[in-house]
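To start, the structure under review is shown below, and the notes come after it.
No value in this document is a laboratory result; all are computed from the given coordinates. Because the structure is a prediction, the values reported are computed rather than measured. With ideal geometry, Cβ positions are generated from the backbone for all residues, glycine too; neighbour counts draw on all protein chains shown.
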Amino acid sequence: MKIRGRSIFVDTSALILFLHGSCNDITLEIFKLALEKKCKLITSSRCVDEFIFKEMVLIAKDKYGFRSKTISKLRRHPKIVMEIGKKLTNVIPQFIKAYHIEILEVKKEWVLKLPELMQQYGLFGNDALIIRAMQSRNIEYLLSSDQDFKRIPFIKMIDAL
């Protein structure tokens with residue numbers, strides 16, 4: 001699979017796997033090429049939002065020992081959320097900038113198409129939104145660990161695991 005020079009949509013799962021060093025060699029190669037501006041990584045504002053949220057949960061589990069009901073516990077401890085936010089304030093923007101990741105803004109028209117895409121492909125809404133974002137830019141390649149995308153005929157999925 002030729003990656004050099006390609007535009008690749010990056011799902012939240014791939015961002016997290018890469019950031020935590022849990023991805024496969026092809027994912028490492030893709031991010032290396034993006035760092036060198038030899039391929040273009042694109043994601044959506046929804047994926048970045050989900051990325052930040054999942055990072056918050058992972059930090060809460062790791063640093064604060066929240067093992068169950070993490071979200072409920074975080075709601076009761078806004079100071080911990082503030083501390084995590086402070087940490088992520090430095091990490092996330094630098095990560096996005098370093099790898100030259102373009103962030104597509106979610107459009108109203110995309111959201112209104114989600115039920116149709118869910119029906120057509122049997123995807124959850126957030127995954128259907130990725131499809132719609134990819135269609136908006138004619139992107140064929142998707143870096144993800146979500147196996148549901150393999151059943152979408154016009155997507156060339158690159159497994160991040």
Run the quick spin-label model on residue 20 and residue 121: label points 7 Å from Cα toward the beta carbon, then report their separation in nm to one decimal. 2.4
Which residue, 42, 5, 22, has the largest displacement toward the positive end of the dipole of the stretch 1-42 when charges sit on each Cβ (Lys, Arg +1; Asp, Glu -1)? 5
In terms of the charge dipole of the stretch 52-161, which places +1 on Lys and Arg and -1 on Asp and Glu at the beta carbon, the residue among 91, 112, 145 farthest towards the positive end is 91
Cut-off 18 Å, label 7 Å out along Cα→Cβ of residue 151, residues of the stretch 111-128 by amide N: 114-128
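List the chymotrypsin sites (Phe, Trp or Tyr not before Pro) within the stretch 103-132 that fall in a DSSP loop (any state other than H, G, I, E or B) and whose Cβ has at most 15 other Cβ atoms within 10 Å. Spell out each step's value before the answer.
Working: sites: 110, 121, 124; in loops: 124.
Taking the stretch 103-132 and a limit of 15 other Cβ atoms within 10 Å, the loop chymotrypsin sites (Phe, Trp or Tyr not before Pro) found are 124.
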Please enumerate, by chain and number, the lysines with C-alpha under 16 Å from the C-alpha of residue 40, excluding those fewer than 8 residues away in the same chain. 2, 32, 97, 156
13 Å Cα-Cα reach of residue 87 towards aspartates and glutamates, excluding residues that sit fewer than 8 places from it in its own chain: 55
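Using the structure shown, list the pairs from 54/150; 38/86; 38/63 with a Cα-Cα distance above 28 Å, or answer none. Each step should come with its number before you reach the end.
Values: 54/150 23 Å; 38/86 32 Å; 38/63 36 Å.
Table pairs above 28 Å Cα-Cα are 38/86; 38/63.
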Where in the stretch 16-47 does the amide nitrogen come within less than 18 Å of the point 7 Å from the Cα of residue 53, taken along Cα to Cβ? 16-17, 43-47
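In debye, nearest 20, what is the charge dipole magnitude of the chain about its Cα centre with +1 on Lys and Arg Cβ and -1 on Asp and Glu Cβ, if you could check? The partial results should precede the final answer.
Working: 28 positive and 18 negative charges, 94 e Å.
Dipole of the chain, to the nearest 20 debye: 440 debye.
Counting other beta carbons within 10 Å of each residue's own, what order do 77, 20 fall into, fewest first? Working shown, then result.
Numbers: 77 15, 20 10.
Listed from fewest to most nearby Cβ atoms, that is 20, 77.
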What is the set of long-range amide H partners of residue 104 at a cut-off below 5 Å, with H atoms built 1.01 Å from backbone N? 43, 44, 45
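Taking the beta-carbon count within 10 Å as an exposure proxy, list 43, 89, 70 from fewest neighbours to most. Display every interim value, and only then the final one.
Values: 43 24, 89 10, 70 15.
By the 10 Å Cβ count, ascending, the order reads 89, 70, 43.
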For the chain, take the longest principal axis of its alpha carbons; what is the angle in degrees between that and the long axis of helix 25-35, to the nearest 10 within 0 to 90? 90
For 154, 66, what's the fewest-to-most ordering of other Cβ within 10 Å of each Cβ? 154, 66
Mean residue ellipticity at 222 nm from the helices of the chain, using -39,500 (n - 2.57) per DSSP H segment of n ≥ 4 over the full residue count, to the nearest 500 deg cm²/dmol? -18500 deg cm²/dmol
If I compute Rg/Rh (Cα atoms, Kirkwood Rh) from the structure I just sent, which labelled value in [x] 0.98; [y] 1.04; [z] 0.96 lines up? [x]
